[in-house]
Amino acid sequence: MGLTKLDRRNRIRRRIRKIISGTSTAPRLSVYRSNKEILDAKLTGKIEVSSTVGKRIGELASKAGVSEVKFDRGGYLYHGRVKALADGAREGGLKF
């Protein structure tokens, strides 16, 4: 029997988390996506921000003194809403 969709995503998430870890100078920007929308995007490490708009995250992070982050797509494909969030964060002034 093959993997379920959730098992596959968890396997990809573990593989990503082995590589990406946030630091105080470059915190981790993690994304949670539901079927309808992006519910949560957090900067872990230096500040915690919950928002659905990447541009707003970039603005809030720059106010907190964060200019560079590590992008954790959370096992989702870098496509569609996840890519739009990343592009918005870049427009807001974050580098990754």
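With helices defined as uninterrupted DSSP H runs, which ones in the chain have an alpha carbon span along their own long axis of at least 30 Å and mean Kyte-Doolittle hydropathy of at least 0.5?
Details: long enough: none.
Long hydrophobic helices here: none detected.
Given Lys5/Lys63; Lys5/Lys95; Lys18/Lys83, which pairs have Cα atoms separated by over 28 Å?
Details: Lys5/Lys63 38 Å; Lys5/Lys95 31 Å; Lys18/Lys83 21 Å.
Long pairs (Cα-Cα over 28 Å): Lys5/Lys63; Lys5/Lys95.
In deg cm²/dmol, rounded to 500, what helix-only [θ] at 222 nm does the chain give when every DSSP H run of at least 4 residues adds -39500 (n - 2.57) and the total is split over its residues?
Values: 3 runs with 36 residues, N = 96.
Mean residue ellipticity, 222 nm, calculated: -11500 deg cm²/dmol.
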**Study point:** Area projected by the alpha carbon convex hull of the chain, averaged over all directions, nm²
**Key:** 6.0 nm²
Check your understanding: Which one of Ile57, Pro27, His79 has its Cα pushed farthest toward the positive end of the charge dipole of the chain, where Lys and Arg give +1 and Asp and Glu give -1 at the Cβ?
Key -> His79
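Which whole-number percent is the relative contact order of the range 5-91 (Cα, under 8 Å, 6+ apart)? Walk me through the numbers on the way to the answer.
Numbers: 135 pairs, mean separation 29.3, N = 87.
Relative contact order, the range 5-91: 34 percent.
Throughout, read-outs are computed from the coordinates displayed, never taken from laboratory work. Since the model is a prediction, treat every value here as computed from it, not as a measurement. Glycine gets a Cβ as well: all are built from the backbone with ideal geometry, and neighbour counts include every protein chain shown.
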